[in-house]
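Q: One structure is given below, represented as structure tokens, and several questions about it will come after.
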Amino acid sequence: MNAKEFLKELKSSADQRVLTIEKIKRHNLPVIVYGAALCAKNVLNELKSCNIEVEGFAVDAAYYRENMTYMNLPVYNFDELSTKSSEYVFVLGLQNASAIERVLNKNIKFFYSLDSGHLPITFNYISDHIDQFIETCNFLNDDFSRKTFVNYFKLKLSGDVLTDHSTHTPNQYFNGVVSEFKNIRGGGAFVDCGAYRGDTIEQFINWINGNYKKIYAVEADPENFSALNKFIKERGYKNVELFNVGAWSEKGVLSFNIIPGKSTSSSISTEGDQKINVDALDNLITDGKADFIKMDIEGAELPALHGAKNLIQKNKPFLAICVYHKAEDLITIPQYIKELNKNYKFYLRQHEITTTELVLYAIP
């Protein structure tokens, strides 16, 4: 890939964001942010920085309660407002793919997206690291991965999740990219880092038709871990070993930001007010065997890979690693994996019509 052409294409996406903001202003209508959580807060702050006043937020009827507020602004019933959509300008403020699809089906007259997710990436950041990003792109093994790579950054800069869905693919973690696993490693050991409440484990077992030797489930959040433990027992899954620790580079204790409820976003953070145990996969998996490692651990992927160095070098497992939590993930993670095994083949897939769920697959 040519760096000059890549930056030119990305600059047009950054310019698209500016044009979207100008369009919102020209309507001169009350602005409603669709959503009422962290992403909506980020959108609110961006609109404010562009001198756009926000009337309030809106949520689907199932979540609406009378007299709701968020960020000191009223929260409205989106289903009611959408019946008179020509009287408002709606701006997307959530990353729920099914909710976005519902909105697209409603044919809202004035609906815009400025979605950069919980991790904004600027054009200047990409430009400053262009050689490293180009190196990663050249690692990728097929044209679709390279197109996904470019589209991911275009999406980050434009914020427009409402139009081009050409590189979004289904079946996260278990898909055609890793299909050889069934033939080469079927019956092996699966390591689930960020096991949450067991959803990925169940998907793996169904995908592999129950043909596995061992499953290692690593989940740091105590509430999620309790639910995970209950889920495994209720399903009667055998040979599943659970670890209530965070996957990390070494054994220790770190601060953890725990988000109450059924959260997938609890994370290791210096701002966390609770402590959790962390450990390296090389320490946890005592028999030293791993055939497929999946990681979705809210930005701890690189330290966890460092902690799995011996497992990866010895076993050459299939890897499915999320690379959307930190701006540098698409630099540091593939380059480190290449250091461990230069023969890995890399594929990149985007699994939602948002700026999340970007997965790097490393195939031995």
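The values are calculated or read from the model by the stated rules, or taken from the named source; none is laboratory data. Keep in mind the model is a prediction, meaning the values are calculated, not measured. Don't worry about glycine lacking a Cβ; one is built from the backbone with ideal geometry, like all the others, and counts go over all protein chains shown.
Q: Which one of 69, 20 is of a type outside the set (D, E, K, R), modelled with pLDDT of 95 or more and exposed (fewer than 12 other Cβ atoms within 10 Å of the Cβ)?
A: 69
Q: Is there any pair with a first residue in segment 315-331 that is assigned by TED's automatic domain parsing to the domain that holds residue 176 and farther than 17 Å from residue 129 by Cβ and a second that is acidic (Asp, Glu) and modelled with pLDDT of 95 or more whose Cβ atoms are under 6 Å apart and which are 6 or more apart or on different chains, and what are they?
A: From segment 315-331, the pairs are 317/291; 321/301; 322/296.
A quick yes/no check of all residues on (1) surrounded by 14 or more Cβ atoms within 10 Å (Cβ to Cβ); (2) touching a helix residue (DSSP H, G or I) at 6+ places or on another chain (Cβ under 6 Å); (3) under 17 Å from residue 289 (Cβ atoms):
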{"residue": "201", "(1), (2), (3)": "yes, no, no"}
{"residue": "210", "(1), (2), (3)": "no, no, no"}
{"residue": "221", "(1), (2), (3)": "yes, no, no"}
{"residue": "224", "(1), (2), (3)": "yes, no, no"}
{"residue": "241", "(1), (2), (3)": "yes, no, yes"}
{"residue": "248", "(1), (2), (3)": "yes, yes, no"}
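Q: List every residue pair whose Cβ atoms lie under 6 Å apart, where the two residues are 6 or more positions apart in sequence or sit on different chains, the first residue falls within segment 71-96 and is touching a residue at least 60 places away in the same chain (Cβ under 8 Å), and the second residue, located anywhere, is among the aromatic types (Phe, Trp, Tyr).
A: 89/110; 91/112; 92/34; 93/34
Q: State all residues of segment 300-320 that are touching a strand residue (DSSP E or B) at 6+ places or on another chain (Cβ under 6 Å) and farther than 15 Å from residue 188 by Cβ; if no residue qualifies, say none.
A: Within segment 300-320, 300, 301, 304 qualify.
Condition check ((1) in contact with a Gly (Cβ under 9 Å, 6 or more places away or on another chain); (2) over 26 Å from residue 145 (Cβ atoms); (3) crowded, with 21+ Cβ neighbours inside 10 Å; (4) not aromatic (Phe, Trp, Tyr)) across all residues:
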residue	(1), (2), (3), (4)
281	yes, no, yes, yes
306	no, no, no, yes
317	yes, no, yes, yes
324	yes, no, yes, no
331	no, no, no, yes
